[in-house]
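Below is a structure I'd like to ask you about.
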Amino acid sequence: MDLKHEPVAVVTGSTTGIGFETSLAFAQNGYRTFATMRDLSKAEQIKKIVVREHLPLKLVQMDVDECGSVKEAIKKIFEEEERIDILINNAGYGLFGALEDLAIEDIKKQFETNFFGAIRTIQQVLPIMRSQRSGNIVNISSMSGFIGFPVSSIYVSSKFALEGMSESLSYEVQPYGINIILIEPGVINTNFVENIVLPINTREISSSLLASPPSPHSSSSPLSSTKTSTIYSNSDDLKRNKNKDKGKETTKYSDIVKRFLFNYYPAMSTAPDPKKVALAILESIQMQPKHSFNRRHNLFRYPVGQDAKLYAEAKKKISDSELHSLVADSTLLMDN
Ligand SMILES: NC(=O)c1ccc[n+]([C@@H]2O[C@H](COP(=O)([O-])OP(=O)(O)OC[C@H]3O[C@@H](n4cnc5c(N)ncnc54)[C@H](OP(=O)(O)O)[C@@H]3O)[C@@H](O)[C@H]2O)c1
């Protein structure tokens with residue numbers, strides 16, 4: 001098959017989860033796909049599938065936290081293909097914990113990846129898309145991009161920022177035929193939980209939930225069926241570990257943290273497969289007309305999963321106080 005004229009897609013954070021499945025889905029549908037990742041040694045699994053299925057997928061190193069790395073990667077792809085049609089900003093992770101407990105360095109890191117990471121790639125592809133007078137920029141937001149959840153203030157604000165930036169950007173790029181697409185998944189079963197960052201004074205709660213015996217109302221420990229194995233250390237850690245006693249302090253917000261994690265972790269194990277998000281992204285692109293500069297509207301939002309769709313509807317239809325109760329009832333209830 002001659003793929004020379006097929007669109008070129010670039011995906012960030014392709015080692016696992018949504019980025020991995022999205023890279024494969026685009027390549028399987030004929031797009032000339034560049035699966036980017038910060039550590040190419042994590043590419044073994046995707047490489048095997050590419051070889052087995054003869055996919056038009058290439059690997060490129062890109063750490064979205066690093067301007068030089070992003071610039072180099074986009075330059076390399078453009079030199080090879082002379083165009084970029086689709087950019088999928090997927091790289092991201094979750095910093096959770098009570099706001100008071102979070103170190104500013106960790107908060108900045110969260111924005112470095114989830115928000116500034118997307119800006120870095122967008123700034124590099126815009127000159128290319130503008131001169132083509134066409135392009136689709138897909139930002140992987142979350143239902144946390146339009147609803148505030150407990151114990152998630154910084155993750156939520158990084159996704160709200162991504163949504164706000166996308167909304168404003170859509171006006172600037174519309175004359176150049178560039179669409180902005182926001183994908184808003186609910187809870188999806190990926191390595192996301194494995195990669196969560198928590199403040200040290202919250203981690204014992206997380207570990208004890210892992211080890212806790214089954215409650216009379218559930219068939220297993222709340223976390224036993226999730227993939228949770230490691231929780232990153234963070235900069236707070238390094239400081240606090242110098243003082244072991246201080247490291248043993250427990251958050252003053254232990255009740256809400258416990259309730260939230262008790263509900264959140266098991267939700268992950270029964271959540272939809274990331275292939276569902278990959279398919280939604282693919283469909284969002286396939287539904288776009290090629291040139292949109294004559295249309296009045298070039299910003300598109302797609303909630304993915306029952307939970308995200310429910311919250312998206314609720315946000316439009318119910319009052320703030322009703323929404324607050326809905327979120328509290330869905331995320332903080334616990335058998336005592
Ligand atoms: N899973 C969910 O419930 C859910 C729900 C809504 C939205 N999302 C969003 O979906 C996106 C993908 O998450 P996921 O669920 O697929 O989680 P995941 O399996 O943990 O994948 C995250 C990906 O991001 C990459 N990444 C992190 N920092 C990076 C950096 N600085 N540069 C380049 N790549 C980086 C990771 O690479 P490494 O392997 O090198 O760490 C990995 O490939 C995120 O933006 C997340 O916020 C997830």
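Please report, in cubic angstrom per residue, the volume enclosed by the convex hull of the alpha-carbon atoms of the chain.
About 146 Å³ per residue, rounded to a whole number.
Roughly speaking, what is the centre-to-centre gap between the stretch 176-201 and the stretch 1-73 when only Cα atoms are used, to the nearest Å?
Using only Cα atoms, the two centres lie 18 Å from each other.
So, taking all protein chains as they sit and a 1.4 Å probe, how much accessible area belongs to Asp335, in Å² rounded to tens?
90
Can you give the calculated 222 nm mean residue ellipticity of the chain, where each DSSP H run of n ≥ 4 adds -39,500 (n - 2.57) and the sum is split over every residue, rounded to the nearest 500 deg cm²/dmol?
Details: 13 runs with 158 residues, N = 336.
Taking each H run of at least 4 residues, the total per residue is -14500 deg cm²/dmol.
On to the next question. Go through 82-92, 323-333, 154-164 and give me the packing order, highest mean Cβ count within 10 Å leading.
The densest-packed peptide leads the list: 82-92, 154-164, 323-333.
How much of the accessible area of the chain, in percent, comes from carbon and sulfur atoms when a 1.4 Å probe is used?
Heavy-atom surface of the chain belonging to carbon and sulfur, 1.4 Å probe: 53 percent.
How much accessible area per residue does the stretch 1-54 have, in Å², with a 1.4 Å probe?
Per-residue accessible area for the stretch 1-54 comes out at 50 Å².
Using only the Cα atoms of the stretch 1-91, each taken as one equal point scatterer with no solvent, compute I(q) by the Debye sum, divide by I(0), and report log10 of the ratio at q = 0.16, 0.20, 0.23 Å⁻¹.
-0.56, -0.88, -1.17
Can you give me the C-alpha center-to-center distance between the stretch 96-120 and the stretch 132-149, rounded to a whole angstrom?
What the calculation gives is 18 Å, centre to centre.
Please identify the trypsin sites (Lys or Arg not before Pro) of the stretch 100-152 that satisfy two criteria: DSSP loop assignment and at most 16 other Cβ atoms within 10 Å. Which are they?
Arg133
Per the Debye formula with a single identical scatterer at each Cα and no solvent contribution, what log10 I(q)/I(0) holds for the stretch 1-43 at q = 0.13, 0.20, 0.22, 0.24 Å⁻¹?
Treating every Cα as an identical point scatterer, log10 I(q)/I(0) equals -0.27, -0.57, -0.66, -0.75.
The values are calculated or read from the model by the stated rules, or taken from the named source; none is laboratory data. Only a predicted model underlies this, so the values are computations on that prediction, with no experimental measurement involved. In this analysis, Cβ positions are derived from the backbone assuming ideal geometry, glycine residues included, and neighbour counts consider all displayed protein chains. Side chains are part of the model used for accessible areas, which takes the heavy atoms of the whole protein and leaves out ligands, DNA and RNA. Shrake-Rupley method; radii C 1.70, N 1.55, O 1.52, S 1.80 Å.
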